[in-house]
Every structure is written in structure tokens, then in C-alpha cells.
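Colleague: Dropping a structure here in C-alpha cells format, bear with me for questions.
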Amino acid sequence: TGGFSQDSPTLHNPYTDDPILDRALRRLLPEAQYMRVAADLSKFGDRITSEIEHLGRQAELDQPRLEQQDAWGKRIDKLIVCNEWQKLKQICAEEGVISIGYENDVDPFVRRIHQVAKLFLFSPSAGLVSCPMAMTDGAVKTLTSLNLYGKHKFATEAVDRLRSRDPSKAWTSGQWMTEKKGGSDVAGGCDTYAVQVDKDTYRLHGYKWFSSAVDADVALTLARVVDSDGNAVEGSRGLSLFLLRIRDESGNLNGIQMVRLKNKLGTKQLPTAELLLDGAIAERIGEPGRGVAGISNMLNITRIHNAVASLGYMRRIISLARDYSTKRVVFGQTQSKWPLHTTTLAKMEVETRGSMLLLFESARLLGLSEAGKSSDIDAMMLRLITPVLKLYAGKQAVPLVSEGIECFGGQGYMEDTGLPTILRDAQVTPIWEGTTNVLSLDVLRVFSGKENILLAFGKRVSQLLKNTSNEPKLQKAKQSVEEALKELQKLLVKASDSAVKGDTRIDSV
Ligand code: MFK
Ligand code: FAD
């Protein structure tokens, strides 16, 4: 073996190894709450290094598969996921990664910050169980936002189970929006039809092109209600929102065929299926024709989770590269002693810290809104920051993780180091939950006709700058920011007008 072996990078407790995260929590949380959250995260960080990281790696090595027929040709659509994937789901329930976001006896702004911090530690070791957790959180948010909890039997049971800490009771949810014709343009591409059986109960017929974590218990999906003459309304206003069980009590699929599992570039741990809905029984929830607006509750939560994942990958690759830089000797000294290498690490660090601040700002604003304590400005900022955060962190994750892989030289390219998995998985973050350009258009949707959002944004920036210091340089920066905002306002008004008219050509914006 050549007599020399290189010391490998060590994964340290991701909480105690991350002073930036700790500083953000100290700044955002009241002292007593900080102590409680820090103790939980520190313990969880130990569990990540001693148990979770190994389970996540196994989920990558032992990938899900689908057996469609039994030995005698009977259609069984048996989805096989490894024990480690199951164990990770159990850990999520035990550790309360969803329930922490909804604990009644904790201030909502504290619980969302706690939850985001915990998911941030979990995500890069999670074997993509972070994906069903995102959708599960999104489902709880949607069902509660539609005011169904305590009023609608199935939705109430779903909420209780989706946020349960008891692994034997806990459910997870899917989010079935994308069809062959449309992933970004859900409304234009949706060919799933809902035929009424009784009151709010329907049978769904259609083909869902990407359905991740298809071992879930329930799903939220969109379909067009067919009227008694057999007609359905086209476009966005024709879409309604549905909640369904994926399997019945005996474990049989609910009028669903798993047509195949997707063969993906990454996220290989995660079972993503094409599904034929062939009369699946579903409950219509929310108002008829308000499906997109209803499921947007889910989108805005899963987009924050997506940013958590993007940042989790960035933080992980930097931590490993930083550790490795103290071990790898190049040209007579460790990488860490070469300024050119540390400059590379420093650039990655700065990028990551900036997005982390935005992430925690979104968690803070989300908590405030759930506590009913948002000012108008806070509510506008949450709506604005969510797509910006998702698109920016997702876009940034890919080149940053790629740079991190390069820090390991050829070893970064070797499958058995586990490092390539991080790059493959990071590549999905700008795509799913809305591509970068589609989210840019969502930002314009936020601005369109609402110039006061920009004023709110300007006020918030000025506030932040004012709170920092009176240093002349900062005051000058503040002036420049204010001038830039005025210019931006003019541009955005023009751009959002174009977006509203459906004219999104580059030259028009
Ligand atoms: C590890 C972490 C991972 C996270 C989990 C990943 C699992 C993978 C899951 C997926 O990828 S699920 C599929 C995700 N799909 C998308 O994100 C779709 C991307 N496309 C868009 O977001 C489009 O902008 C959209 C589908 C919403 C466009 O639909 P429409 O119907 O053409 O939009 P329209 O007519 O402008 O809006 C309809 C209503 O929804 C409006 O409300 P009003 O009728 O009251 O005016 C909009 O304001 C509202 N709306 C749209 N987006 C919203 C929103 N409201 C709040 N927030 C939003 N983001
Ligand atoms: P398109 O909409 O065809 O987009 C292609 C390109 O066109 C993109 O660059 C896009 O930015 C651009 N584009 C589109 N519209 C515009 C516009 N108006 N202006 C400018 N550019 C535009 N979906 C689910 O519903 N549930 C899931 O569980 C799920 N899991 C997934 C798992 C994986 C691994 C992947 C890769 C995808 C998953 N998806 C899921 C689907 C995902 O959400 C969609 O692929 C994504 O939203 C993009 O839609 P699309 O594939 O139809 O691409």
C-alpha cells in the first residue's frame, strides 16, 4: 500500500464545531431559551457523529428499489427502503425535528429558530430524510393555515401524526405537484382530474411525474374537479388541493400504481417515483379553485428547508476541508499554512455566513408571523426573503461544494470518501421547490403592484445599518444603499409590470 496513509478528515460535533451558528443563536434567543436550545443541539451534534452520519451514509450505499410484481406476476408495487432510512425517520420523530416547530408551550419565534438550527445540523448527515421532513413540515403548515385542525377529522389526525414525537404514530407527507407537462408551470401542466364521490371526497385520475419519499403515509396534491357535465376549469383557477392516504389500513396502495423509481444524478437515498393515480380516494381541502394558493403554504416552508439543506452542505464541506487542511501536507507544510489555500477556505466561509444570516432572519420572521406578532413590514419581509433565500442559497451551494471537493484533491473525487455524494445532492437544491428563475419571478410577484414592499425592505436595511454603529464608513454605506434602493425600486416596478403581463423575456426586464 505504499507505506503511507493519509489521515482522513474528521467530522466533529457540528454544533460545538460551529461558532457562527452558536453566535447567531446567542444573538437571536433570550438567555434562558438559548441555554435550553444549545444543550439540545450539543447533544444532537454528538448523536450525529456517533450514529446519524453512519445511517445517512448507509442510505446512500443501500438505495431504495421497487418490486412491481411478485413471483407469480401479481402487481405488488413493493417499495424497499433500507433499515437505516427507517431508523433515520424514527430518529426524526424522537428528536422532534418537526414537532419542535409547533410546540405549544414555547414562543413560536424561539421554536422555529431552534428547529432550523437542528435541521441545519441534521441535513448533511440525514441520508435525504431531510426531504420527507421538509414536506411533512409543509403539510402541517398547510393544514393548520387552512384552519382545518380540530374541524376536519382526517386533517386533524394527519396534523397530530405528522408532528408526533412517537415513532410508532408519526406520519410523513409527500407533495405531488409536478406532472410531465409542468413542474414550474403547475397550473398549465396539471392533467389530474378529480371526480366527486361524496361531498368533499373524490377519486383522482392522473400521472404525477416526480413524487419523492414515496414511502410516506399521506400526500398533498393538486387536481381539477370535474363537474356533472364532465367539464373542468383550465388554468390556475381550476386547481383544487387534496389530501390523501397513500395506503389503506392493510397497507394496500390507495388506487395508486408506482410506475417506476427515478434514476437520478443524486439524492439516490431518496425514493422518487412516477405515480399513476388510478382512482385514488382523496379529500378536497381549502376552497375549490384555490389549490395553488393553498399549496403555497407548503412551498414557502419547504423552500426554507431547501435553504437549510443548501447551507448544511456548504457548512459540512467547509468543516471537513478545514479539518483536512490541518492534516494534509503539501510542499513541506500543511495546507493550513499556505495562504492561498486558506484564502480559498475563507471565501467559502464568508459566502456561507452571509446566507446563514438570511436563513435565521427567515426563521425569526416565520416564528413572529406564527405568533401573530408580525408587523406589516415583517410579514412582507418574510414573503420576500423566502424565495430570495431559496434561490440564492441553492444556486450558491453547487459551486461552493464543488470548490470544497477540490480542497481534497483527487480524494475529493473518490466515491468511498462519501464526498461526491455531497456534490451530487447539492445539485438538486437549485432545481426542486422552484428553479432559480422561477423563484426570481416569484420575487417579482411579491413586488408587483406593491411598491411599499421595497420601502419596507429599505427601512429594514436602514434599521440594520443604524443598529450597527455610527462609523462614518457605515453611514456612507447606508447612503449608497438608500440610493441603490431607489434605483432598484424603479427597475422592479418596471420588471414586475412585465411579469404581471406574462412578459418575462430577458430584454423586457
Ligand atoms: C432537503 C429539503 C428539500 C425540500 C423538499 C424537496 C422535495 C421536492 C419537492 C418538490 O420539488 S415539490 C414541487 C415544487 N414545485 C414548485 O416549486 C413549483 C414552481 N412553480 C411556482 O412556484 C410557480 O410560481 C407557481 C406554480 C406557484 C405558479 O402558479 P400559478 O397558478 O401560475 O400562479 P399565480 O396564478 O400567480 O398564483 C396563484 C395564487 O397563488 C396567487 O394568489 P391569489 O390568487 O390570492 O392572488 C399567488 O399570489 C399565490 N402564490 C403563488 N406562489 C406563492 C403564492 N402565495 C404565497 N407564496 C407563494 N410562494
Ligand atoms: P421546467 O419547468 O420545464 O423548467 C426548465 C427550465 O425552464 C428551468 O431552467 C426553468 O427555470 C425554466 N423556466 C420555466 N418557466 C420559466 C419562466 N416563466 N421564465 C423563465 N424560465 C423559466 N416535484 C413534486 O411535485 N414532488 C416531488 O416530490 C418532487 N421531487 C423531486 C425530486 C427530484 C430529485 C427532482 C429533480 C425533482 C423533483 N420534483 C418534485 C420536481 C421539481 O419540483 C421540478 O422538476 C421543478 O419544479 C422544475 O420543473 P420542471 O422539471 O417541469 O422544469
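The values are calculated or read from the model by the stated rules, or taken from the named source; none is laboratory data. A quick note: this is a predicted structure, and the numbers were derived from the prediction, not measured. Virtual Cβ from ideal backbone geometry, glycine too; neighbours counted across all protein chains shown.
Colleague: Can you pull out the residues in region 96-111 that are closer than 21 Å to GLU53 by Cβ and either more than 18 Å from the chain's Cα centre (by Cα) or small (Gly, Ala, Ser) (or both)?
Modeller: Across region 96-111, the qualifying residue is only GLY96.
Colleague: Scan region 292-306 residue by residue and report those that are within 13 Å of ligand 2 (Cβ to nearest atom), more than 14 Å from ILE431 (Cα to Cα) and surrounded by 22 or more Cβ atoms within 10 Å (Cβ to Cβ).
Modeller: Those that are within 13 Å of ligand 2 (Cβ to nearest atom), more than 14 Å from ILE431 (Cα to Cα) and surrounded by 22 or more Cβ atoms within 10 Å (Cβ to Cβ): ILE295, MET298.
Colleague: State whether one or more residues within region 193-206 are in contact with a Ser or Thr (Cβ under 7 Å, 6 or more places away or on another chain), in contact (Cβ under 8 Å) with a residue 12 or more places away in the chain, within 14 Å of ligand 2 (Cβ to nearest atom) and not acidic (Asp, Glu).
Modeller: Looking for residues that are in contact with a Ser or Thr (Cβ under 7 Å, 6 or more places away or on another chain), in contact (Cβ under 8 Å) with a residue 12 or more places away in the chain, within 14 Å of ligand 2 (Cβ to nearest atom) and not acidic (Asp, Glu), one finds at least one in region 193-206, hence yes.
Colleague: Within the bounds of region 412-429, is there any residue that is within 11 Å of ligand 1 (Cβ to nearest atom), closer than 19 Å to SER296 by Cα and either over 18 Å from the mean Cα position of the chain (by Cα) or buried (at least 16 other Cβ atoms within 10 Å of the Cβ) (or both)?
Modeller: So the first thing to find is which residues in region 412-429 are within 11 Å of ligand 1 (Cβ to nearest atom), and the list is 425-426, 428-429.
Going one step further and asking which of them are closer than 19 Å to SER296 by Cα, we end up with 429.
Going one step further and asking which of them are either over 18 Å from the mean Cα position of the chain (by Cα) or buried (at least 16 other Cβ atoms within 10 Å of the Cβ) (or both), we end up with 429.
Yes, region 412-429 contains at least one residue that is within 11 Å of ligand 1 (Cβ to nearest atom), closer than 19 Å to SER296 by Cα and either over 18 Å from the mean Cα position of the chain (by Cα) or buried (at least 16 other Cβ atoms within 10 Å of the Cβ) (or both).
Colleague: Of all residues being among the aromatic types (Phe, Trp, Tyr) and more than 10 Å from ligand 2 (Cβ to nearest atom) in region 420-469, which is modelled with the highest pLDDT? Just the residue, please. So that I can check it myself, show each step before the final result.
Modeller: At the first step, the residues of region 420-469 found to be among the aromatic types (Phe, Trp, Tyr) are 432, 447, 457.
When the remaining residues are screened for being more than 10 Å from ligand 2 (Cβ to nearest atom), the result is 447, 457.
Working: PHE447: 80, PHE457: 74.
My answer is PHE447.
Colleague: Does region 345-355 include one or more residues that are surrounded by 13 or more Cβ atoms within 10 Å (Cβ to Cβ), in contact with a Phe, Trp or Tyr (Cβ under 8 Å, 6 or more places away or on another chain) and either free of Cβ contacts under 8 Å to residues at least 40 places away in the same chain or farther than 30 Å from PHE4 by Cβ (or both)?
Modeller: yes
Colleague: In region 170-190, which residues are farther than 21 Å from GLU287 by Cβ, in a loop (DSSP other than H, G, I, E, B) and either without any contact (Cβ under 8 Å) to a residue 24 or more places away in the chain or near ligand 2 (Cβ under 7 Å from one of its atoms) (or both)?
Modeller: Residues satisfying the conditions are THR178, LYS181, GLY182, GLY183, SER184, ASP185.
Colleague: Still on this structure, please answer the following. Counting just the residues of region 203-237 that are over 27 Å from the mean Cα position of the chain (by Cα) and within 16 Å of ligand 1 (Cβ to nearest atom), which one comes out surrounded by the fewest Cβ atoms within 10 Å (Cβ to Cβ)?
Modeller: Checked region 203-237; the qualifying residue surrounded by the fewest Cβ atoms within 10 Å (Cβ to Cβ) is GLU234.
Colleague: Continuing with the same structure: Every residue in region 230-261 that is among the polar types (S, T, N, Q) and without any contact (Cβ under 8 Å) to a residue 24 or more places away in the chain, please.
Modeller: ASN231, SER250, ASN252
Colleague: Could you please tell me which pairs satisfy a Cβ distance under 7 Å, a separation of 6+ or placement on different chains, a first residue in region 8-33 that is among the aliphatic types (A, V, I, L, M), and a second residue that is part of a loop (DSSP other than H, G, I, E, B)?
Modeller: These pairs meet every condition: LEU21/TYR15.
Colleague: Can you pull out every residue in region 191-202 that is assigned to a strand (DSSP E or B) and surrounded by fewer than 19 Cβ atoms within 10 Å (Cβ to Cβ)?
Modeller: Within region 191-202, the subset assigned to a strand (DSSP E or B) is 193-198, 201-202.
Hits for region 191-202 are TYR193, VAL195, GLN196, VAL197, ASP198, THR201.
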